[in-house]
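Every number here is computed from the coordinates shown, using simple stated rules; none is lab data. Here the structure is a predicted model, which means the values were calculated and not measured. Quick reminder, even Gly has a Cβ in these numbers, built from the backbone with ideal geometry, and neighbours come from all protein chains shown.
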Amino acid sequence: MITEEEYLKSKIKKENPFLVPDNYFEQFASSMMENLPERKSKSIFVRFRPLLYAAACIIAIFFVGLTFHSNRQNKAKQEYMSVSVDGNYIDEAADYTMIDNVDIYSYLAEN
């Protein structure tokens, strides 16, 4: 009795059913290069795009820091420049400039 393996081997041909044309591997490299599309050179902008993005981020961070620093200095100047004014000072200034209540009311009404 023939085993299953022997039966399958007898049905299969001993020859290789797959054939490669003659000189296929000698011509393979040249034919493959012919079929490839030509490389397009990248533009300078595309090549340096990541560097441009990094430079833009650094510049943005610099200007944000500069803005916060100048705002902080302006706030410090405003705190230094602010003077507490009491009612007597305003009365003295009004007397000095000879402004009475009617003039103040008319000025406020106009503006």
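The table below gives the values:
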{"item": "Dipole of the chain, positive end: most advanced residue of N71, Y53, Y107 [Cβ charges, Cα centre]", "result": "Y53"}
{"item": "Segment 5-11 - phi-based ³J(HN,Hα) in whole Hz, Karplus 6.51/-1.76/1.60, Gly and Pro as x", "result": "5, 5, 4, 5, 5, 6, 6"}
{"item": "Per-selection Rg to Rh, the chain - Cα, Kirkwood hydrodynamic radius", "result": "1.77"}
{"item": "Efficiency of FRET between I58 and D22 - r from beta-carbon atoms, R0 35 angstrom, step 0.05", "result": "0.05"}
{"item": "Within segment 1-64: Cβ-based charge dipole about Cα centre, in debye rounded to nearest 20 (Lys, Arg +1; Asp, Glu -1)", "result": "580 debye"}
{"item": "Euclidean distance between Cα centres, segment 26-62 to segment 95-109, Å", "result": "75 Å"}
